[in-house]
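What follows is a short report on a single structure.
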Amino acid sequence: MTNENPTNQSLADDEEVIKRVRTCRAEGASPKRIARALGLSPAAVAQILQSAQFEVDWASPELSPGEKAVLGCWVSPGWSDGLGVPGHPEWLAGESRNPGSAGLAGVVVAREHRRGTVSVCSYLIDVYCLGVKDVIGPKIINDGLELLTLTRRFFSAFDAAPVPAPLELARHLVLGAVDYALDLGFQPHPDFASAAAHLGPWTGPSAITFGRDGKPFYVQGPNDNPAEVMRALQRSAGTEPDSFHFLTGVPA
């Protein structure tokens, strides 16, 4: 006899079931009660509810020819602390609760790849001075649960959950920081070349004003050569006392 009942996994992948799970949860039903009512395993319900935390509320942008669909885009909380964002109040997502993370921003962009897989790139950015400090990807993953795990791991260094964002913001934030750092004499991370296209076409200039309150502010990282950074800033920003600011752990 053929079993015509759908499996838990096929139910969990059904858009109508996903909608019903989220509706039940919004009405206050517990995950166990939802699982019993819909014939799902508790694990399948948990997966649907977890994935909802990273659902994007922004409309998908128009794609250029050959550009893969955007499945998700997130930025770190408080990414705009100290920056100027005139003309785009909708991009702002509250301040960070951790002053130690000011000047650092994280961005994750997920796109369709092929055969049901997802391509993901993550960018760690010094928005006050050095631009793109680290890049992960493009990394090819298999499903939404793996995307959830990867995104949580990347943003775990920040003080709160990532914020859904439009791809346009990611472009202006990442590529704008690259341009800002280049003007100061700093190259992006070597892996950035392989991940830049993941952001899609962009002509600039950025709508974001970088630097803390409009001026370069260098905070020494564990792998930096502060003497080299200071010399570059003196060449690009000038040697006047207020031309740039810095915070280093050793005499610079």
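Each residue in region 169-225 was checked for being touching a residue at least 60 places away in the same chain (Cβ under 8 Å), aliphatic (A, V, I, L, M) and in contact with a helix residue (DSSP H, G or I) (Cβ under 8 Å, 6 or more places away or on another chain), and 6 of them qualify. So, Val108, is that one within 13 Å of the chain's Cα centre (by Cα), surrounded by 20 or more Cβ atoms within 10 Å (Cβ to Cβ), at pLDDT 80 or above and not acidic (Asp, Glu) or not? Here the answer is yes, as Val108 does meet what is asked. On the stretch given as region 207-244, residues that are in a strand (DSSP E or B) and open to solvent by less than 50 Å² (accessible area, probe 1.4 Å) total 2. In region 134-151, the count of residues that are charged (D, E, K, R) and touching a His at 6+ places or on another chain (Cβ under 6 Å) is one or more. Across region 132-188, the qualifying residues are those that are in a strand (DSSP E or B) and open to solvent by less than 30 Å² (accessible area, probe 1.4 Å), and the one among them that is farthest from Leu233 (Cα to Cα) is Ile141.
From the residues in region 91-105 that are touching a strand residue (DSSP E or B) at 6+ places or on another chain (Cβ under 8 Å) and open to solvent by less than 20 Å² (accessible area, probe 1.4 Å), which one is modelled with the lowest pLDDT? Checking each candidate, the answer is Gly103. His88 meets the conditions (1) at pLDDT 95 or above; (2) farther than 19 Å from Pro222 by Cβ; (3) of a type outside the set (A, V, I, L, M, F, W, C) in every case but one. The failed one is (1).
Scanning region 111-131 for residues that are more than 11 Å from the chain's Cα centre (by Cα), buried (at least 22 other Cβ atoms within 10 Å of the Cβ) and of a type outside the set (A, V, I, L, M) turns up Asp126, Tyr128, Cys129, Gly131.
The values are calculated or read from the model by the stated rules, or taken from the named source; none is laboratory data. All of these numbers come straight from a predicted model, not from anything done at the bench. Because the Cβ atoms are built from the backbone with ideal geometry, glycine has one as well, and the counts that use them run over all protein chains shown. All accessible areas refer to the heavy atoms of the entire protein, side chains included, with ligands and DNA or RNA removed. Shrake-Rupley method; radii C 1.70, N 1.55, O 1.52, S 1.80 Å.
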